[in-house]
Each structure stands twice: as structure tokens, then as C-alpha cells.
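Report on the structure given below.
The values are calculated or read from the model by the stated rules, or taken from the named source; none is laboratory data. What you see is a predicted model, and the numbers here were worked out from it, not measured in a lab. No Cβ is skipped: glycine too gets one built from the backbone with ideal geometry, and neighbour counts run over all protein chains shown. These accessible areas exclude ligands, DNA and RNA; they are computed on the full protein's heavy atoms, side chains included. Shrake-Rupley method; radii C 1.70, N 1.55, O 1.52, S 1.80 Å.
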Amino acid sequence: PARTLVGEAPAIKALVHAINKVAKTDATVLILGESGTGKELIAEAIHAASPRASGPLVKVNCAALVETLLLSELFGHERGAFTGAVGRRRGRFEIAEGGTLFLDEIGDISPRTQVALLRVLEQRTFERVGGTTTLRADVRIVCATHRDLRAMVDRGEFREDLYYRLRGITLEVPPLRERMADLPRIAEALLHRIAAERDESPKHLSTEALALLTRHRWPGNVRELENALRAASLFANGDTIEVEDLVANVDGLRRLYESQGDDVPRSSLVATSAATATEVAYSEVRQGTSLGELKRRIERDCIARALTETNGNITRAAMLLGMKRPRLSQLVKQYNLG
């Protein structure tokens, strides 16, 4: 399944709203956020919602290439432009014609590349490396970085004129630790995608496993969470990922678990999970979500999960949720879960 932006946190809702607004324009966009927060996902969403959606989305990781190779990668080169250039090659700007060019880790480009990129942004023209023919650039540019470009400008490491060209429209992606209320929903979406890739049924997190995940700070953000779930789901026995599966396969979670004592009883984990859920819920309320809306969201998610676990069997799902079948049928229709 396609990757999608998942979450109900106010910052994510605001981000989705901004994406839909920005996508309709052809303006250059700068996406800021820590590593692993999903900046590439934002670029994909902007392209998909834009008038250029039928055109190509071309991605370049600027940090992965040295200066000469990056210039050739972006603008192409003529035969003999440098050692190894045995023929003419089209660059990413040409390949992205009519579409979107996503430049990831833009804060890592060299001064020479900064000058070349500034010219494209100002004049919409460029030349291949070693060439003299001026080419037009009909592309929408989206950039991303985890660096503080303003601080880099102050230190003389990044051109100020390019900085202001790039930050015409700036979108910030919040780190996972600032939207922990979304973690269960994100984890579920990741597990479904992982299962689809492996052509198997999606696995679920036990209450205790989810409690452990919510106590981690996730310095690597959603990418770290995805890696943890990939490892745990691969080795988990059955359809449920338990605490043991997480601590056995993910070093960060193992250290967190061991720091609380190896003999922490399961009842303690359940109690911690309940406390964590309350903290997350109250945090949502403090950020503007009404208690009624929060209750409806939890009710809908629990029903959806019960239906998934029972393969859509209303009677079994009702027993699992401790409610009468007619009432569950009514809620299934109300929440469009049929």
C-alpha cells in the first residue's frame, strides 16, 4: 500500500492542511524536520496533490554524493566533462521535466552547487556539466533538511540568498516524541504496510508491547519505529507482538526494559499502559481536542481493531468489546466501518 501521513495530533492536522494549500501552487517548498520524521513522505504528498501529479517525482539525496557527482546528477554532463564521462547524460532536472524534483538533505550541498541551484531557482535555466547549451527547467522544487539553515548562514556555510529563495514556503514536521498520541495509529499503519510487503496477515501489538513503545523517546523518529516493528514482527510467534519480541530484537527497547528491572511483572506493564493512555488522552484535550471527539475516536479505533481481529465477524467482535451485537452494528454503520 502507498505510504500516507498518519495522525490526529494538531500539528499533523495543520501540516496536512498546509500541504493541500501549498500543493496547488508551483512555489518552492522547504521541509524541515529531524531525521526519520517523514520529510520524503511530505514531498510525495505535495507532488500527489499538485497539478504536476501526472508528471515524474524525482528524488535526489544530496548528502550521498560528492560535489562533482552531485552536479552531474542534477544537471547532467557532456561527453568528456570529467574523467569517466564517456557520453552525454541527462540530469535529474531534465528527467523531472513537468514534474517535481525532491532535493533531500539540501543543507549538505557544497558552495559551488549552491550557486548552481540558486541560478536555477532565479532564472529557471541551467547547463549540463561541461556544456554550453542553456536548458529550461520546468520543474517544481521541493527541498528538505534536518539542519538549521539559518545557523549555517550565520556561520557562512550556506548562502543567504539561496536560503531566502528556498524558504519561501516552509513546512515543519514534528518529531514523534511530540505526538505520542499518534503512536498506536502509526504503528498499526506500519504493521499493515510491512505485512503487505511480506504478503502475510498484519500483526498486532499487545497492550504491554504498546506500553513499552510509548515509553521510548524515539530519537530516530518514525523510521526508528518502523525498523523496530520490522524486526519484532519478523520473529514474533503468532499474530501478536509481545514485549519479549521487542526487547529481543531492538537494542534501544531492550535497554529501556532492563533499566526498569528484568523482573517487571506484566501487571505493572498493564498499569503503566493505562497511565500512559491517560496521559496521552489528557495531552490531546490540552491541545484542543474535545473529550467527546476523543471518546468517539477511541471508540471507532477499538471497533475497527476488533473487526480486524475477528475478520469482520460482528458477533465475535461484539463479544470481544463487551457490547450487544445490535449496538455494535449501529456503530459500525455510524463510523462507516462496514
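Within segment 125-137, the set of residues being more than 12 Å from GLU97 (Cβ to Cβ) and either among the polar types (S, T, N, Q) or part of a loop (DSSP other than H, G, I, E, B) (or both) comprises THR125, GLU127, ARG128, GLY130, GLY131, THR132, THR133, THR134.
One line per residue, one yes/no per condition, for (1) modelled with pLDDT of 85 or more; (2) of a type outside the set (A, V, I, L, M); (3) surrounded by 17 or more Cβ atoms within 10 Å (Cβ to Cβ):
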| site | (1), (2), (3) |
| --- | --- |
| ASP245 | yes, yes, yes |
| ARG254 | yes, yes, no |
| VAL270 | no, no, no |
| ALA275 | no, no, no |
| VAL280 | no, no, yes |
| SER283 | no, yes, no |
| GLY292 | no, yes, no |
| PRO326 | yes, yes, no |
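Checked against (1) open to solvent by 10 Å² or more (accessible area, probe 1.4 Å); (2) assigned to a helix (DSSP H, G or I), THR113 meets all criteria but (1).
Mind checking which residues of segment 223-232 are open to solvent by 30 Å² or more (accessible area, probe 1.4 Å) and either in contact (Cβ under 8 Å) with a residue 24 or more places away in the chain or among the charged types (D, E, K, R) (or both)? Result: ARG223, GLU224, GLU226, ARG230.
Can you tell me how many residues within segment 223-245 are touching a Leu at 6+ places or on another chain (Cβ under 6 Å), among the hydrophobic types (A, V, I, L, M, F, W, C) and within 15 Å of HIS192 (Cα to Cα)? Break it down stepwise before answering.
First, the residues of segment 223-245 that are touching a Leu at 6+ places or on another chain (Cβ under 6 Å): 226, 229, 232, 241, 243.
When the remaining residues are screened for being among the hydrophobic types (A, V, I, L, M, F, W, C), the result is 229, 232, 241, 243.
Applying the additional criterion that residues be within 15 Å of HIS192 (Cα to Cα) yields 229, 232, 241.
Number satisfying all stated conditions: 3.
In segment 116-152, the qualifying residues are those that are of a type in the set (Ser, Thr, Tyr) and open to solvent by 10 Å² or more (accessible area, probe 1.4 Å), and the one that is nearest to the chain's Cα centre (by Cα) is THR125.
Cβ-Cβ contacts under 7 Å between residues 6 or more apart (or on different chains), taken from a first residue in segment 314-338 that is more than 12 Å from ARG300 (Cβ to Cβ) to a second residue that is part of a helix (DSSP H, G or I) and among the basic types (Lys, Arg), are listed as ILE314/ARG325; THR315/ARG325; ALA318/ARG325. Need the failing condition index for GLN334 against (1) open to solvent by less than 70 Å² (accessible area, probe 1.4 Å); (2) polar (S, T, N, Q); (3) modelled with pLDDT of 85 or more, just the number. For GLN334, the exception is condition (1). Would you confirm whether any residue within segment 309-323 is under 23 Å from SER201 (Cα atoms), in a helix (DSSP H, G or I), of a type in the set (Val, Ile, Thr) and open to solvent by 30 Å² or more (accessible area, probe 1.4 Å)? Checking segment 309-323: at least one residue is under 23 Å from SER201 (Cα atoms), in a helix (DSSP H, G or I), of a type in the set (Val, Ile, Thr) and open to solvent by 30 Å² or more (accessible area, probe 1.4 Å). Of the residues that make up segment 173-190, is at least one among the small types (Gly, Ala, Ser) and farther than 30 Å from HIS216 by Cβ? No - not one qualifying residue is present in segment 173-190.
PHE235 meets all of the listed conditions (1) open to solvent by 30 Å² or more (accessible area, probe 1.4 Å); (2) within 30 Å of ARG90 (Cβ to Cβ); (3) in contact with a helix residue (DSSP H, G or I) (Cβ under 7 Å, 6 or more places away or on another chain) but one, namely (2).
Tell me, yes or no, whether segment 165-175 has at least one residue that is under 21 Å from the mean Cα position of the chain (by Cα), under 28 Å from ASN311 (Cα atoms) and not in a helix (DSSP H, G or I). There is no residue in segment 165-175 that is under 21 Å from the mean Cα position of the chain (by Cα), under 28 Å from ASN311 (Cα atoms) and not in a helix (DSSP H, G or I). Consider segment 35-92 and keep the residues that are at pLDDT below 90 and of a type in the set (Ser, Thr, Tyr). The one that is farthest from GLY7 (Cα to Cα) is THR83. Take the conditions hydroxyl-bearing (Ser, Thr, Tyr), buried (at least 20 other Cβ atoms within 10 Å of the Cβ) and either touching a Lys or Arg at 6+ places or on another chain (Cβ under 7 Å) or in contact (Cβ under 8 Å) with a residue 40 or more places away in the chain (or both) and apply them to THR170. Does it pass? Criteria not met by THR170. Condition first: at pLDDT 90 or above and among the hydroxyl-bearing types (Ser, Thr, Tyr). Now tell me which residues in segment 115-146 satisfy that. Answer for segment 115-146, where residues must be at pLDDT 90 or above and among the hydroxyl-bearing types (Ser, Thr, Tyr): THR125, THR145.
What about GLU197, is it over 30 Å from ILE31 (Cα atoms), open to solvent by 30 Å² or more (accessible area, probe 1.4 Å), part of a helix (DSSP H, G or I) and modelled with pLDDT under 95?
Numbers: over 30 Å from ILE31 (Cα atoms): no; open to solvent by 30 Å² or more (accessible area, probe 1.4 Å): yes; part of a helix (DSSP H, G or I): yes; modelled with pLDDT under 95: yes.
Here the answer is no, as GLU197 does not meet what is asked.
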